[in-house]
Amino acid sequence: MRPRLSQPRRSTPSRVLPAGERALIAAIRQRVARPKGSLRIGIGDDAAVLRVPAADDLIVTTDFSLEQVHFRRDWHIPEVIGHRCLARGLSDVAAMGARPLAAFLSLSLPAELDTPGTGKSWPERSWIDRFFDGFLALADRYKVPLAGGDTAQSPEFDQRGRKHAGLIAADIVLLGSVRRGHALLRSRARAGDVIYVTGELGGASAELLAAGRDPDRFTAITRSQKNHPHLYPEPRIDVGLKLVSGKKAHAGIDLSDGLSTDLLHVCEESGLAAELDAAAIPIHPLAEQAERDGWVPSALGLALHGGEDYELLFTAPKWSRIPRKIAGVNIHPIGQMQTHRRRRADVVLRERDGHVSALDAGGWEHFS
Ligand SMILES: [Mg+2]
């Protein structure tokens, strides 16, 4: 018998799943395509079996999506939570320049959520069905199979038996593969490299700010995914693959914590410093709108420090011809990697007037 941290509320033998859990797994399995390609055995056995291309390295990444930390049930519709859960993992795969092979999802769910498979049409479908609507739509788009995971009921009692609200927790594991030795690493930047980012920055935090002011804006949102950088971030898988196949980039990272923080990671891992050109940083229209509306002192602040844009940052030598678009995504040069200079910060910002100042890492604090 497996050790338990909390008292079981049912006298179920430990190896027999509760009916709700069996129904949940059956419902998920029904919606997942049969194994093909690299995935030989998916949901249903003790473990999944994958066949990784012989000339590749295996990439593994894991990310939590926790209620009240990464999402709020009163702000985010279930489709959004499912999409974002998978997008975070896929973005890390993209940052390595890898192709996603399979996803594994562990879910801890409060008992009050309805059993899936109720069959009603949106939005009367159960929370879990709608979570998987969002999750599997993105999975289909990038042809990444859901190959396994685990489910459990969230604890709703403390040690003294007092009831409290159960919270949702989703843990996503992504496997990917990349040609042996070709993964885009944070540690491979070289002095003189140009720093590039994909897309436009600050949109995700601007959209989250909007929700903080008017949560109805979020719950009113239907399944339309266009121009919602916070709700429906787009992992840059195709850009990452192109960067690796073209051997153009030295180093890469995805912008999850914010440009200032993530660039500092590249500096630390590569043992270098960096200078950003303020005028070159691409600012998302929603961030500009937030400045116009007086919600933030500057849109540039959101672009520099607001997190969860899930764009890619990469560095490449000056002579490597980086196009203005890769896989249909805008690419912007925003600065340069440099050797350390005495009494100068790791990351500095050169303003339009030529003034250079230290750029402190000020990544996004979730819901603070
Ligand atoms: Mg990352």
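The accessible-area ordering, largest first, of the residues Lys248, Lys242, Lys163 stands as Lys163, Lys242, Lys248, per a 1.4 angstrom probe. With all protein chains in place and a 1.4 Å probe, the accessible surface of the range 228-274 carries 44 percent carbon and sulfur.
Modelled spin-label separation between Glu112 and Arg72, with each label point placed 7 Å from Cα along the Cα-to-Cβ direction: 1.6 nm. Once the Cβ-Cβ distance of Arg213 and Val49 is raised to the sixth power relative to R0 = 41 Å, the FRET efficiency obtained is 0.25.
Each principal axis of the chain carries a Cα extent, and these read 69, 53, 40 Å when sorted largest first. Across all C-alpha atoms in the range 225-355, the radius of gyration and Dmax reach 15.2, 47 Å. Projecting label points 7 angstrom from Cα along Cα→Cβ for Arg292 and Arg190 puts them 4.4 nm apart.
Amide H to amide H, with H built 1.01 Å from N, His250 comes under 5 Å of Thr315, Ala316, counting only residues 5 or more places away or on other chains. Give, as ranges by residue number, the residues of the range 136-152 whose backbone N falls under 16 Å from the point 7 Å along Cα→Cβ of Thr62. Backbone N within reach: 147-152. With all protein chains kept in place, the per residue accessible area of the chain amounts to 51 square angstrom at a probe of 1.4 angstrom. Of the residues Ala279, Gln336, Ala98, the one whose Cα sits farthest toward the positive end of the charge dipole of the chain, with +1 on the Cβ of Lys and Arg and -1 on the Cβ of Asp and Glu, is Ala98.
Sorted from greatest to least, the principal axis extents spanned by the alpha carbons of the range 23-138 come out as 47, 29, 22 Å. Rounded to the nearest whole Hz, the Karplus-based 3J(HN,Hα) values (6.51 cos²θ - 1.76 cosθ + 1.60, θ = phi - 60°) of the range 145-158 follow the sequence x, 7, 9, x, x, 8, 10, 8, 8, 5, x, 10, 10, 8, with x at glycine and proline. The lysines whose alpha-carbon is closer than 21 Å to the alpha-carbon of Lys36, local same-chain residues fewer than 8 away aside, are Lys143.
The values are calculated or read from the model by the stated rules, or taken from the named source; none is laboratory data. Predicted model, so just to flag it, every value in this text is computed and none were measured. No Cβ is skipped: glycine too gets one built from the backbone with ideal geometry, and neighbour counts run over all protein chains shown. Accessible surface is based on the protein model in full, side chains and every heavy atom, while ligands, DNA and RNA are left aside. Shrake-Rupley method; radii C 1.70, N 1.55, O 1.52, S 1.80 Å.
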